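Before any comments, here is the structure.
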Amino acid sequence: MERFGLVGLPNAGKSSLYNALTGGGALAAPYPFATKDPNIGVAMVPDERLDRLSVMSKSKKTVHAQVEVVDIGGLVEGASTGEGLGNKFLANIREVDAIVFVLRAFEDDDVVGPSDPIEHLRIVEIELALADLETVEKRLKQTQRAAKLDKSMVAETEALQIAYDQLSEGLPLYRAGLKDDVKELLAPYFLLTNRRVLVVVNVGEDDIESIPEKEKLISDEFNNAGDNVEVIGMCIQMEAEAAAIED
Ligand SMILES: Nc1nc2c(ncn2[C@@H]2O[C@H](COP(=O)(O)OP(=O)(O)O)[C@@H](O)[C@H]2O)c(=O)[nH]1
Ligand SMILES: [Mg+2]
């Protein structure tokens, strides 16, 4: 099963989104680090076509596609050097197939923290890129030495060098336009930013009409990421409330 990891600053709405997707009972609370250990749940992927086929063929049982959703816990500035839940947090992200950034764009005086999604995005991206830079730097030194004796290490060393150059500019790898063969050579390192990203912009309940505008604001930030990044806006609070109502 594919695994999605929810990543973002404290109070962005990750646990609320987790609950909306999985019907789970994660604690969603207006203070940082309410989520200490990852919550793991399963979300069904609705597909009307499947429902209709199932009726047509009188299926006894209909099995929808499922994805696993992991609510990882809040990331803070300095996570890559061990701040907040730090490295433990980052280790949890390594195990997911795709990352879902949750960026807060709702205003609420009772919920601490910034409500500017661009500020959220900057911090999250920098922390992930720095963590990757550290991994790549260590490994690059080793492979450079090894490549002198073993020509089969040359390609890997070159891939690491490309990643190193981009990351040291603060560029997450999903924005770096890496060729497929480079991505593949880097795959064994489980880098945080060498994967696809879905960005959820969490818009306030009184602000629903601004969703297209907020989506565009964030999409424009990713104009160099090609199809590695997809942006959607929603009001997570309302989605979570709607999910709690019976069918
Ligand atoms: N007003 C408002 N509050 C929200 C929204 N989404 C989340 N919250 C609240 O913000 C707080 C933090 O949400 P939570 O899901 O725990 O964030 P997490 O730290 O990223 O897991 C909770 O009190 C939520 O009820 C929203 O769209 N509007
Ligand atoms: Mg949480």
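The values are calculated or read from the model by the stated rules, or taken from the named source; none is laboratory data. What you see is a predicted model; the values in this text were computed from it and never measured. With ideal geometry, Cβ positions are generated from the backbone for all residues, glycine too; neighbour counts draw on all protein chains shown. When the accessible area is computed, the model is the full protein with side chains, heavy atoms only, and any ligands, DNA or RNA have been set aside. Shrake-Rupley method; radii C 1.70, N 1.55, O 1.52, S 1.80 Å.
Here are the numbers for the structure shown:
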{"read-out": "Any hit, the stretch 112-123, residues being buried (at least 23 other Cβ atoms within 10 Å of the Cβ) and either among the aliphatic types (A, V, I, L, M) or under 16 Å from the mean Cα position of the chain (by Cα) (or both)", "value": "yes"}
{"read-out": "Residues (among the hydrophobic types (A, V, I, L, M, F, W, C), within 10 Å of ligand 2 (Cβ to nearest atom) and over 20 Å from Gln66 (Cβ atoms)) located in the stretch 1-24", "value": "Ala12"}
{"read-out": "Restricting the stretch 177-209 to residues that are free of Cβ contacts under 8 Å to residues at least 60 places away in the same chain and closer than 30 Å to Asp108 by Cα, the residue that is least open to solvent (accessible area, probe 1.4 Å)", "value": "Ile208"}
{"read-out": "Helices (runs of 4 or more DSSP H) completely within the stretch 157-247 that count 1 or more residues being over 27 Å from Tyr18 (Cα atoms)", "value": "180-186"}
{"read-out": "Selection from the stretch 218-247 of residues that are open to solvent by less than 80 Å² (accessible area, probe 1.4 Å), in contact (Cβ under 8 Å) with a residue 60 or more places away in the chain and touching a Gly at 6+ places or on another chain (Cβ under 9 Å)", "value": "Ile218, Cys235, Ile236, Ala240, Ala243"}
{"read-out": "Answer residue from the stretch 60-94, given it is open to solvent by 50 Å² or more (accessible area, probe 1.4 Å) and modelled with pLDDT of 80 or more and is nearest to the chain's Cα centre (by Cα) among those", "value": "Arg94"}
{"read-out": "Every pair of residues 6+ apart whose Cβ atoms lie under 8 Å, when the first sits in the stretch 106-117 and is assigned to a loop (DSSP other than H, G, I, E, B) while the second is open to solvent by less than 60 Å² (accessible area, probe 1.4 Å) and more than 8 Å from ligand 1 (Cβ to nearest atom)", "value": "Phe106/Ser115; Phe106/Asp207; Glu107/Ser115; Glu107/Asp207; Asp108/Ser115; Pro114/His120; Ser115/Ala105; Asp116/Ala105"}
